[in-house]
Protein chains: 6
Amino acid sequence: MFRREHFNAAHRLHNPAWNEEENARIFGKCNNANFHGHNYDLIVQLTGEVNPATGYVFDLKILSDLVKENVLDKFDHKNLNLDTEEFRTLNPSAENIAIVIYDILRTKISDAYDLKIRLYETERNYVEYPI
Amino acid sequence: MFRREHFNAAHRLHNPAWNEEENARIFGKCNNANFHGHNYDLIVQLTGEVNPATGYVFDLKILSDLVKENVLDKFDHKNLNLDTEEFRTLNPSAENIAIVIYDILRTKISDAYDLKIRLYETERNYVEYPI
Amino acid sequence: MFRREHFNAAHRLHNPAWNEEENARIFGKCNNANFHGHNYDLIVQLTGEVNPATGYVFDLKILSDLVKENVLDKFDHKNLNLDTEEFRTLNPSAENIAIVIYDILRTKISDAYDLKIRLYETERNYVEYPI
Amino acid sequence: MFRREHFNAAHRLHNPAWNEEENARIFGKCNNANFHGHNYDLIVQLTGEVNPATGYVFDLKILSDLVKENVLDKFDHKNLNLDTEEFRTLNPSAENIAIVIYDILRTKISDAYDLKIRLYETERNYVEYPI
Amino acid sequence: MFRREHFNAAHRLHNPAWNEEENARIFGKCNNANFHGHNYDLIVQLTGEVNPATGYVFDLKILSDLVKENVLDKFDHKNLNLDTEEFRTLNPSAENIAIVIYDILRTKISDAYDLKIRLYETERNYVEYPI
Amino acid sequence: MFRREHFNAAHRLHNPAWNEEENARIFGKCNNANFHGHNYDLIVQLTGEVNPATGYVFDLKILSDLVKENVLDKFDHKNLNLDTEEFRTLNPSAENIAIVIYDILRTKISDAYDLKIRLYETERNYVEYPI
């Protein structure tokens, strides 16, 4: 089953091991020093058996609350580079954000469920993890 | 290949083995005694070889007619709990609706094709079967 | 400014002044005795001056809370015909639902703002009020 | 005729005439000191006569280039508060961004055309100018 | 009330009063001699009083049938330039297609209703008529 | 990672080995002799390791340029049957277009990446390759 959630955040793509020219060449407009931002659409997929008592694979309300408490409250309306521990040294590319969200949620959800993250940075650019 | 279809229906989530409090606790607003409803978006995926004479995996018109006759005519503008045989005793969760639709279409489509169902209950909640 | 909200409900179109045949002829599948349902998308438009201190026409959080308390809590996951006072005798067509929502919100929002309702019953059928 | 364009930007809502508590109370999460961001969808509407030689109200390519050069190149992948002259002292609410875009484009497009801006900050929050 | 319909067609923008260079300069890729095509989304808006017996402004099924018989059967899966009388000499720009559809439907719908057409040529380019 | 691109084209489904009646019976409206057309949405998926220096699986700008130069410049605003080498004898069904695009891009992208194509012919009809 799949649940779509949403958050807005500022970020900047930057590799501190490179000089300014290299960062500008590789990351282009996404390297803007003062940040830019996105409306991120997050799709959390849990795969498992249907519970015959409920007809659910997983309770949507519980999943939505888990995502809200562990992901949205942490990232929504934040600057990913400056306001979060996770991206203090990790580049907040869509791929890395998806991996971070996966790692957070993986510890909160029983191993009885496979977990997959899809993250839309824009409606034309998105990623999945794990592959 | 994928074909998106659409139907509207009323339903209620309820487990007759539980008392009212338990049903309300587990199913929340979805347990409302007088039903609520959804615009369901159904995506039918058939996987197979491309027919060299047509360039099709499967004829879209034939698939659309199959879905109309066997799924939409049965569920569209209906109360899933009261108006259908399939959900007289089976809880009409998105997961169970997807399984029922899969089972119906599986008997109508040659085993030369893999079949997968995706069902959107809302644009934020959806399921796939088989997993 | 515009705010999009969402609710799910069951309904039935029916005119008690007509016999069964007439109801079936006029309302077709929407007359199903056991109800069907929709995911309603509601867009509330407020028109007024921009407040120079905030840059807002109207605070989105306050508007969203107003809609939640006065509209969504009343209609979401409900049977419009059976569970609501508003549609006990009024046919819950998209047009009438939009008018009812307008009348509810008009009393909660200062006359300094023009108010307009757009209601999507499906992504292909929608209405606006006032015209 | 209408043309939809797109840009991403970081921003922060803040009124320097207010103290921190007042800003936090009024702007909530949108006041985050390190900014957050959005995928903005911009719809530019030009109203005028159809040119009988072309069948166009206005050439789409020319309009798209005008918007790119005068709006997108200025705001896309930028921090509206820090990187732009327009929002150095003006709060970058959706309403104010729409007004600024209108004022920019109004000087570039003949008065023979009425101009209207619709700006989506998210798919649930949007504004129009002029009203 | 609004009804969204859909058709696919090929077309070419071309003014026979101009030479090839002029056509290429003005219409660019849309002048391709062998045509290109679009998925057109058509929104028909009827404005009028709500009928108290039905709760409808206009019966959706009747409107949808009117559009199908008079517009979709004429333009769907057609080459607008070669297969239709309407665009034999009229350039099939989005603006002109909207006007032609308006003129067709205006004769089929009582003057008690205002009629407005919105036509999407792509999700980024669309027009309305009348203005 | 996924990148969505867009092109418009005219096409006709036709098998020259069949007579007119057979073509009309199998391909229906899609066999229209003067072509019809679509807005095609193309999603290119590359699967591979995240580069730790960039946080990217693949640079979006490079991918977008590759698709533009090798796919969009070839098919956008074209008649697939008449204007392209690829579909001179191959029926331009959605399945075949997806395979052709896959074959083109596969030669341009390192084997370190898995490649998958999804092609929307309309929002209700789409295909994937490879399966």
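Filter segment D:89-131 down to the residues that are among the hydroxyl-bearing types (S, T, Y) and more than 15 Å from C:V50 (Cα to Cα), then identify the one that is nearest to the chain's Cα centre (by Cα).
Taking segment D:89-131 first, the residues among the hydroxyl-bearing types (S, T, Y) are D:89, D:93, D:102, D:107, D:110, D:113, D:120, D:122, D:126, D:129.
Adding the requirement that they be more than 15 Å from C:V50 (Cα to Cα) leaves D:89, D:107, D:110, D:113, D:120, D:122.
Details: D:T89: 16, D:T107: 15, D:S110: 19, D:Y113: 19, D:Y120: 9, D:T122: 13 Å.
Among those residues, the one meeting the criterion is D:Y120.
Would you call C:F7 in contact with a His (Cβ under 9 Å, 6 or more places away or on another chain), of a type in the set (A, V, I, L, M, F, W, C) and closer than 18 Å to B:F75 by Cα?
For C:F7, the condition - in contact with a His (Cβ under 9 Å, 6 or more places away or on another chain), of a type in the set (A, V, I, L, M, F, W, C) and closer than 18 Å to B:F75 by Cα - is not met.
When segment E:64-88 is examined, which residues are found to be under 13 Å from the mean Cα position of the chain (by Cα), in a helix (DSSP H, G or I) and away from chain C (no Cβ under 14 Å)? Result: E:N70, E:V71, E:D73, E:K74, E:F75, E:L80. Return yes or no: is E:V71 under 24 Å from D:M1 (Cβ atoms), touching a helix residue (DSSP H, G or I) at 6+ places or on another chain (Cβ under 6 Å) and surrounded by 19 or more Cβ atoms within 10 Å (Cβ to Cβ)? Here the answer is yes, as E:V71 does meet what is asked.
Quickly run through segment F:108-124 and pick out the residues that are more than 18 Å from B:I43 (Cβ to Cβ) and in contact (Cβ under 8 Å) with a residue 12 or more places away in the chain.
Taking segment F:108-124 first, the residues more than 18 Å from B:I43 (Cβ to Cβ) are F:108-115.
Residues satisfying the conditions are F:K108, F:I109, F:A112, F:Y113, F:D114, F:L115.
The residues listed here are B:A33, B:A94; of these, the one that is of a type in the set (G, A, S), surrounded by 18 or more Cβ atoms within 10 Å (Cβ to Cβ) and in contact (Cβ under 8 Å) with a residue 12 or more places away in the chain is B:A94. Listed conditions (1) closer than 30 Å to D:L13 by Cα; (2) in a strand (DSSP E or B) are all met by C:E128, apart from (1). With respect to (1) of a type outside the set (F, W, Y); (2) touching a residue at least 60 places away in the same chain (Cβ under 8 Å); (3) surrounded by fewer than 20 Cβ atoms within 10 Å (Cβ to Cβ), the lone exception for A:H38 is condition (3). A search for C-beta distances below 8 Å between a residue of segment A:52-71 that is over 15 Å from B:I26 (Cα atoms) and any residue that is modelled with pLDDT of 95 or more and aromatic (F, W, Y), counting only pairs 6+ apart in sequence or on different chains, returns A:V71/A:F7.
Contact map, segment D:1-12: first residue closer than 11 Å to D:L82 by Cα, second residue part of a strand (DSSP E or B) and aliphatic (A, V, I, L, M), Cβ cut-off under 7 Å, separation 6 or more or different chains; pairs are D:A10/A:A10.
Starting from residues that are acidic (D, E) and not in a helix (DSSP H, G or I), keep the ones in segment A:5-47 and report whichever is farthest from the other protein chains (Cβ to nearest Cβ).
Residues of segment A:5-47 that are acidic (D, E), as a first pass: A:5, A:20-22, A:41.
Then drop every residue that is not not in a helix (DSSP H, G or I), which leaves A:5, A:41.
Details: A:E5: 8, A:D41: 9 Å.
Only one residue tops the list, namely A:D41.
Residue check: is C:D83 under 17 Å from B:A10 (Cα atoms), out of contact with any Leu (no Cβ under 8 Å at 6 or more places or on another chain) and modelled with pLDDT of 95 or more? Criteria met by C:D83. Just to verify a result, which residue in segment E:88-102, among those that are in contact with a helix residue (DSSP H, G or I) (Cβ under 6 Å, 6 or more places away or on another chain) and among the aliphatic types (A, V, I, L, M), is farthest from E:V44 (Cα to Cα)? Taking the candidates together, the pick is E:L90.
Can you name every residue in segment E:43-68 that is charged (D, E, K, R) and over 18 Å from E:E5 (Cα atoms)?
Scanning segment E:43-68 gives a single hit, E:E49.
Of all residues in segment F:49-63, those being part of a loop (DSSP other than H, G, I, E, B), crowded, with 17+ Cβ neighbours inside 10 Å, facing another protein chain (nearest Cβ under 8 Å) and within 25 Å of the chain's Cα centre (by Cα) number 2. Residues in segment C:116-125 that are surrounded by fewer than 21 Cβ atoms within 10 Å (Cβ to Cβ) and assigned to a loop (DSSP other than H, G, I, E, B) were compared, and the one that is farthest from the other protein chains (Cβ to nearest Cβ) is C:E123.
The values are calculated or read from the model by the stated rules, or taken from the named source; none is laboratory data. Bear in mind that the values here come from a model prediction, so they are computed numbers and not experimental data. Reconstructed Cβ throughout: ideal geometry from the backbone, glycine too, with neighbour counts over all protein chains shown.
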